[in-house]
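First comes the structure, then the notes that go with it.
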Amino acid sequence: MGAKQPIKIENLSVSYGNQKVLKSINLEIPEKGITVILGPSGCGKSTLLKCFNRIIELEENVEVEGKLFVDGEDVLHPKTDLIVLRKKMGLLLQKPQVLPMSIYDNVAFGAKIHKNMKKKEADELVEKELRKVNLWDEVKERLKSPADKLSIGQQQRLCLARGLAVEPEIILGDEPTSALDPLSAEVIEKQFLNLKENYTIILVTHMLRQAKRLADFVAFIYLGELVEFNSAAEFFSNPKDERTKRYLSGLIAG
Amino acid sequence: MISAKKIEEKIFKILMYISFSLLSIALVSIIAVVFVKGLGALSFKMLFSVPQGGYYLGGEGGILNAILGSIAIGSIATLLSFLYAFCIVFYINVYRFSKSQFSRSVRFFLDILWGIPSIVYGAFGFGIMLIFKIPASLLAGALTLSFVILPIMARTMDETLRMIPFEMKQAAYSLGATRFEISYKVIIKQAFPGLLTAILLAFGRGIGDAASILMTASYTDSLPTSLLRPVATLPLCVFFQLSTPFKEVQERGYAAAFVLTILMLLVSLLARLSFKSFSKYVVK
């Protein structure tokens with residue numbers, strides 16, 4: 001599993017109305033491991049993430065230019081089948097957003113959209129995915145109760161399971177732990193480390209320490225520009241760009 | 001010493017209590033007045049029989065024709081405008097950007113329609129009936145009434161749909177769902193209580209409206225049996241009886257008004273009770 005080839009971004013620019021949020025980004029994200037997109041708040045890193053599955057188009061007045069290749073295909077091309085594209089990627093939002101249905105149906109929702117499933121098949125899938133995110137034991141007695149009743153940390157794990165159930169190659173995380181308490185955040189981080197064997201993970205964060213804990217590769221974005229991209233070891237021990245050095249030493253607030 | 005802020009707080013608190021009391025007094029006194037004035041005429045016979053000869057002069061009979069007529073015309077009008085309102089609001093909120101120029105224009109038009117007095121709808125419906133030579137009937141009345149309540153239902157539904165968190169749509173789209181799947185598997189579930197409120201609000205408004213059906217549905221002493229025949233309604237039933245010079249008949253008019261009010265109360269009460277089971281999965 002995981003993406004079959006590196007994800008290539010060529011000259012990607014995004015603007016909201018007259019405001020340019022991302023300026024001509026060029027980046028190649030390796031198909032293995034966790035790539036962290038790092039940067040202070042408002043630098044455009046979430047915007048970049050939303051381009052991957054074109055969720056960005058749900059917002060008004062957005063203009064996206066450039067090319068973004070996933071498995072060798074330009075996903076920004078108008079003819080891209082969004083359903084196929086989005087099936088390839090699981091998205092985890094900043095605030096866990098469960099769907100207005102039961103725990104069971106939340107997990108099965110995406111999978112049932114893409115495939116007709118018998119009840120037994122769906123049951124097995126739900127159990128498998130909930131086990132992957134360590135939630136099964138906590139909810140197996142109340143699969144039919146509303147997902148909204150879960151704690152916020154459980155909700156985020158449920159959202160992860162929901163995303164995994166559509167069998168994506170790539171997992172996108174938009175600061176997925178920032179709304180969680182430290183313990184739940186740790187659980188989620190552990191999941192990511194477990195999952196990186198099989199998935200391409202792209203994680204947006206503004207937390208330096210989280211990046212250090214998780215990243216195999218780091219892309220640093222500042223004011224809409226890609227400042228530096230490198231392996232995590234190199235990035236943290238030997239930053240090239242002046243802005244990266246300032247950020248790492250805490251001189252750029254974030 | 002009491003600070004200025006505390007006095008300010010107190011004044012507003014008192015104002016709130018006063019307005020709350022006025023509201024409660026209005027509700028209670030409306031029900032009380034129609035009840036007391038109509039008490040003498042209230043009976044099971046009145047609820048379950050139709051007017052006999054000379055009913056409006058004090059003869060035997062009841063208002064079952066108007067009760068059933070009102071329910072029929074209200075339900076049909078609500079159903080018709082639901083089919084339309086539902087499509088409008090999902091189109092402007094799911095298929096178009098909720099804040100787009102187009103969606104805002106639709107909202108603006110609906111707001112204008114909301115403000116048009118129902119007698120104007122009545123005249124409009126009547127005009128159309130004259131052109132196509134349609135007689136005053138349950139169908140014509142229900143169609144006209146559906147125009148009256150359409151903006152109410154559509155705008156109330158619209159407000160509900162706009163309250164759905166953007167992240168919820170993002171989450172559903174990112175799983176690869178189509179707009180149609182998101183509409184009926186996610187949005188309807190999340191918005192269900194609000195959609196139901198909109199329907200009941202429109203039904204309540206429709207069942208109480210007199211002006212739009214005066215000319216289009218006419219009135220009859222018999223039970224509603226055909227879409228193409230005139231139909232009796234409670235508001236007009238109240239009007240006809242109150243405008244007679246006979247005290248006894250006027251009393252029946254108040255009794256009919258009481259029945260109409262109770263019918264409304266029942267509908268909203270049932271709605272409240274059913275809310276809990278419908279909103280089980282709603283994400284707060």
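The values are calculated or read from the model by the stated rules, or taken from the named source; none is laboratory data. On a predicted model such as this, the values are computed, not experimentally measured, just so you know. Cβ: placed from backbone, ideal geometry, glycine included. Neighbour counts: every protein chain shown.
Could you say whether any residue in region A:172-185 is assigned to a helix (DSSP H, G or I) and of a type in the set (A, V, I, L, M, F, W, C)? Working first, answer last.
Here is the first cut: in region A:172-185, the ones assigned to a helix (DSSP H, G or I) are A:182-185.
Still in the list and also of a type in the set (A, V, I, L, M, F, W, C): A:183, A:185.
Yes, region A:172-185 contains at least one residue that is assigned to a helix (DSSP H, G or I) and of a type in the set (A, V, I, L, M, F, W, C).
Within region A:156-179, is even one residue among the polar types (S, T, N, Q), within 14 Å of chain B (Cβ to nearest Cβ), touching a helix residue (DSSP H, G or I) at 6+ places or on another chain (Cβ under 8 Å) and under 25 Å from A:ALA122 (Cβ atoms)? Yes - at least one qualifying residue is present in region A:156-179. With respect to A:PRO168, determine if the residue is surrounded by 19 or more Cβ atoms within 10 Å (Cβ to Cβ), over 23 Å from B:TYR184 (Cα atoms) and in contact with a strand residue (DSSP E or B) (Cβ under 7 Å, 6 or more places away or on another chain). For A:PRO168, the condition - surrounded by 19 or more Cβ atoms within 10 Å (Cβ to Cβ), over 23 Å from B:TYR184 (Cα atoms) and in contact with a strand residue (DSSP E or B) (Cβ under 7 Å, 6 or more places away or on another chain) - is met. The set of residues from region A:16-73 being outside any strand (DSSP E or B) and of a type in the set (Val, Ile, Thr) comprises A:THR47, A:ILE55, A:ILE56.
Taken together, the residues in region B:35-69 that are touching a residue at least 40 places away in the same chain (Cβ under 8 Å), under 16 Å from B:LYS247 (Cβ atoms) and either of a type in the set (Phe, Trp, Tyr) or not in a helix (DSSP H, G or I) (or both) amount to 4.
Look through region B:164-194, keep the residues that are in contact (Cβ under 8 Å) with a residue 40 or more places away in the chain and more than 10 Å from chain A (Cβ to nearest Cβ), and return whichever of them is nearest to B:PRO135 (Cα to Cα). Here the residue is B:PRO193. Residues in region A:126-150 that are out of contact with any Lys or Arg (no Cβ under 8 Å at 6 or more places or on another chain), within 14 Å of chain B (Cβ to nearest Cβ) and closer than 23 Å to A:LYS190 by Cα: A:ALA147, A:LEU150.
Look at B:ILE112 and say whether it is more than 14 Å from chain A (Cβ to nearest Cβ) and either among the acidic types (Asp, Glu) or within 27 Å of B:ILE71 (Cβ to Cβ) (or both).
Values: more than 14 Å from chain A (Cβ to nearest Cβ): yes; either among the acidic types (Asp, Glu) or within 27 Å of B:ILE71 (Cβ to Cβ) (or both): no.
Judged against the criteria, B:ILE112 is not a match.
Given the structure, is A:ILE56 within 14 Å of chain B (Cβ to nearest Cβ), without any contact (Cβ under 8 Å) to a residue 40 or more places away in the chain and either more than 24 Å from A:GLY2 (Cβ to Cβ) or among the hydrophobic types (A, V, I, L, M, F, W, C) (or both)?
Values: within 14 Å of chain B (Cβ to nearest Cβ): yes; without any contact (Cβ under 8 Å) to a residue 40 or more places away in the chain: no; either more than 24 Å from A:GLY2 (Cβ to Cβ) or among the hydrophobic types (A, V, I, L, M, F, W, C) (or both): yes.
Spelling it out, it is not the case that A:ILE56 is within 14 Å of chain B (Cβ to nearest Cβ), without any contact (Cβ under 8 Å) to a residue 40 or more places away in the chain and either more than 24 Å from A:GLY2 (Cβ to Cβ) or among the hydrophobic types (A, V, I, L, M, F, W, C) (or both).
Please enumerate the residues belonging to region B:154-188 that are among the hydrophobic types (A, V, I, L, M, F, W, C) and more than 25 Å from the chain's Cα centre (by Cα). Steps first, answer last, please.
Of all residues in region B:154-188, those among the hydrophobic types (A, V, I, L, M, F, W, C) come to B:154, B:157, B:161, B:163-164, B:166, B:168, B:171-172, B:175, B:177, B:180, B:182, B:186-188.
Within region B:154-188, B:PHE166, B:MET168, B:ALA171, B:ALA172, B:LEU175, B:ALA177, B:PHE180, B:ILE182, B:VAL186 meet the criteria.
What residue, of B:ALA72, B:ALA32, B:ALA4, is free of Cβ contacts under 8 Å to residues at least 60 places away in the same chain and under 24 Å from the mean Cα position of the chain (by Cα)?
Values: B:ALA72 fails: free of Cβ contacts under 8 Å to residues at least 60 places away in the same chain; B:ALA4 fails: under 24 Å from the mean Cα position of the chain (by Cα).
Within the list B:ALA72, B:ALA32, B:ALA4, the selection yields B:ALA32.
Candidates in region B:95-109 are the residues that are over 27 Å from the mean Cα position of the chain (by Cα) and of a type in the set (S, T, N, Q); of these, the one that is farthest from the other protein chains (Cβ to nearest Cβ) is B:GLN101.
Are any residues in region A:74-107 facing chain B (nearest Cβ under 8 Å), over 12 Å from B:LEU175 (Cα atoms), more than 17 Å from the chain's Cα centre (by Cα) and part of a loop (DSSP other than H, G, I, E, B), and if so, which ones? Within region A:74-107, A:PRO100, A:MET101 qualify. Determine if region B:180-195 includes at least one residue that is part of a loop (DSSP other than H, G, I, E, B) and among the β-branched types (Val, Ile, Thr). No, region B:180-195 has no match at all.
If you check A:ALA122, A:ALA185, A:ALA215 for being among the aliphatic types (A, V, I, L, M), without any contact (Cβ under 8 Å) to a residue 60 or more places away in the chain and over 24 Å from B:GLU167 (Cβ atoms), only one passes: A:ALA122. Taken over region A:186-216, the criterion of being surrounded by fewer than 20 Cβ atoms within 10 Å (Cβ to Cβ) and part of a loop (DSSP other than H, G, I, E, B) is satisfied by A:LYS196, A:GLU197, A:ASN198, A:HIS206, A:MET207, A:ASP216.
State whether one or more residues within region A:92-111 are over 23 Å from A:ILE152 (Cβ atoms) and crowded, with 19+ Cβ neighbours inside 10 Å. Break it down stepwise before answering.
Quick first cut of region A:92-111, residues over 23 Å from A:ILE152 (Cβ atoms) only: A:111.
From the residues that got through so far, the ones that are crowded, with 19+ Cβ neighbours inside 10 Å too are A:111.
The answer is yes, given that some residue of region A:92-111 is over 23 Å from A:ILE152 (Cβ atoms) and crowded, with 19+ Cβ neighbours inside 10 Å.
With respect to A:ALA233, is the statement that it is modelled with pLDDT of 90 or more, assigned to a strand (DSSP E or B) and of a type outside the set (Asp, Glu) true? Give the steps one after another, and end with the answer.
Values: modelled with pLDDT of 90 or more: yes; assigned to a strand (DSSP E or B): no; of a type outside the set (Asp, Glu): yes.
Taking the combined requirement at face value, the residue does not satisfy it.
Under the condition of being farther than 22 Å from B:THR78 by Cα and of a type in the set (Ser, Thr, Tyr), which residue from region B:152-189 is surrounded by the fewest Cβ atoms within 10 Å (Cβ to Cβ)? Among residues in region B:152-189 that are farther than 22 Å from B:THR78 by Cα and of a type in the set (Ser, Thr, Tyr), the one surrounded by the fewest Cβ atoms within 10 Å (Cβ to Cβ) is B:THR178.
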